[in-house]
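Report on the following structure.
What follows is calculated from the coordinates using simple rules that are stated; it is not laboratory data. Predicted model, so just to flag it, every value in this text is computed and none were measured. All Cβ positions, glycine included, derive from the backbone under ideal geometry; neighbour counts span all protein chains shown.
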C-alpha cells in the first residue's frame, strides 16, 4: 500500500475506496460506508486486515464530516460525488469500527507502530471524538 501521509485518504487503498463510494447509486452510498464498518467490527478478536481498516477510517471521515465539529473531506483522493445526508446511526457504527482498528490484533495499527504512529493514532482518536460527541 502506498501511503503518503496520516490522513484518512492519504493512501492508495482509501483513494480506490473513494471510487467505490462514487460508483454506488445515491441511495446506496450509506450502505457502502456501513458495510466498511461492519467488515471491521465483524472480525471480533481475529486479525484485522489493513485494507478493511483503511476503508473503515475513510468511511468514518465521511460520516464525521457531517457531524458538528467535523471537518469536510476536501482531499482530491476522497469521493467526488455528493453523499447526501447520511443516517445518524452510522456514527455509532463508525465509533465501534475505529475502536476495533485501534485494538490488537490490527495490521494497520502494527504497521503504524513500527514507524512514528502516534500522530496517526491521534488523528484516528480525534475522528472518533467527533463521531462520539455528535
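Okay, here's what the table says:
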quantity: Complete set of residues in the range 89-119 that are within 19 Å of residue 36 (Cα to Cα), touching a helix residue (DSSP H, G or I) at 6+ places or on another chain (Cβ under 9 Å) and not in a helix (DSSP H, G or I); calculated: 102, 103, 104, 106
quantity: Selected residue [over 19 Å from residue 21 (Cα atoms) and part of a helix (DSSP H, G or I)] from 122, 58; calculated: 122
quantity: Test: residue 53 is touching a residue at least 24 places away in the same chain (Cβ under 8 Å), more than 17 Å from residue 23 (Cβ to Cβ) and in a helix (DSSP H, G or I); calculated: yes
quantity: Residues located in the range 1-24, provided they are touching a residue at least 60 places away in the same chain (Cβ under 8 Å) and under 10 Å from residue 58 (Cα atoms); calculated: 7, 8, 9, 10, 14, 15, 18
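Residues are listed down the side, and each one gets a yes or a no for (1) surrounded by 19 or more Cβ atoms within 10 Å (Cβ to Cβ); (2) out of contact with any strand residue (DSSP E or B) (no Cβ under 7 Å at 6 or more places or on another chain); (3) under 16 Å from residue 56 (Cβ atoms); (4) in contact (Cβ under 8 Å) with a residue 24 or more places away in the chain:
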position: 68; (1), (2), (3), (4): no, yes, no, yes
position: 74; (1), (2), (3), (4): no, yes, no, no
position: 85; (1), (2), (3), (4): no, yes, no, no
position: 94; (1), (2), (3), (4): yes, yes, yes, yes
position: 100; (1), (2), (3), (4): yes, no, yes, yes
position: 108; (1), (2), (3), (4): yes, yes, yes, yes
position: 113; (1), (2), (3), (4): no, yes, no, no
position: 117; (1), (2), (3), (4): no, yes, no, no
position: 134; (1), (2), (3), (4): no, yes, no, yes
